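Structure, as structure tokens:
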């Protein structure tokens, strides 16, 4: 697959739900130990503002949530459940805390490296994809819009609406309604491309 254009900051400086939907099919790239690893984004979730009780920003601006208040297209990487890194792309205008959690990828390049890191298991989960791609805290605040960045997102494949399932976010535990049931998760139903 030829190199595509890196998604610009203007792509992320839009409503978070729009960005979450349109990130499906995009190419998530991480250069790890000199190896280019690429996966097509196949699942996302939106987190929007301090009022969203499922969003980390409900606690306001803290050391942890500071990246969410940054420029759109900034990476927000945090640690959870004691052993998982999670990658988010910051959205909307600077100063407003919102982001899209990248929940799953379909590996496309560097597959052997990803499968070795995952011991042959899948990359359908936010902690699984960061393990496969080697994404850690060192990528927090990374500029996803910089073409030379070791962590970036490029334009990819257009996913038609008929191929997308929209539903509630997952793993929110005791989050109060209506936030628990907000249909802010976007999932590609089938594999995006057949890997030859």
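Summary table below
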quantity	calculated
Residue within segment 148-158 that is closer than 20 Å to residue 46 by Cα, surrounded by fewer than 14 Cβ atoms within 10 Å (Cβ to Cβ), modelled with pLDDT of 95 or more and touching a strand residue (DSSP E or B) at 6+ places or on another chain (Cβ under 6 Å) present	no
Meets criteria (over 23 Å from residue 64 (Cβ atoms), touching a residue at least 40 places away in the same chain (Cβ under 8 Å) and touching a helix residue (DSSP H, G or I) at 6+ places or on another chain (Cβ under 7 Å)) for residue 168	no
Complete set of residues in segment 53-72 that are in contact (Cβ under 8 Å) with a residue 60 or more places away in the chain and in contact with a helix residue (DSSP H, G or I) (Cβ under 6 Å, 6 or more places away or on another chain)	53, 54, 72
In segment 81-109, residue surrounded by the fewest Cβ atoms within 10 Å (Cβ to Cβ) [restricted to those that are assigned to a loop (DSSP other than H, G, I, E, B) and at pLDDT 95 or above]	95
Residue within segment 121-133 that is farther than 22 Å from residue 47 by Cα and in contact with a strand residue (DSSP E or B) (Cβ under 6 Å, 6 or more places away or on another chain) present	yes
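The values are calculated or read from the model by the stated rules, or taken from the named source; none is laboratory data. Just so we're clear, the structure is a prediction, and the values are computed from it rather than from any experiment. Positions of Cβ are backbone-derived with ideal geometry, glycine not excepted, and every protein chain shown enters the neighbour counts.
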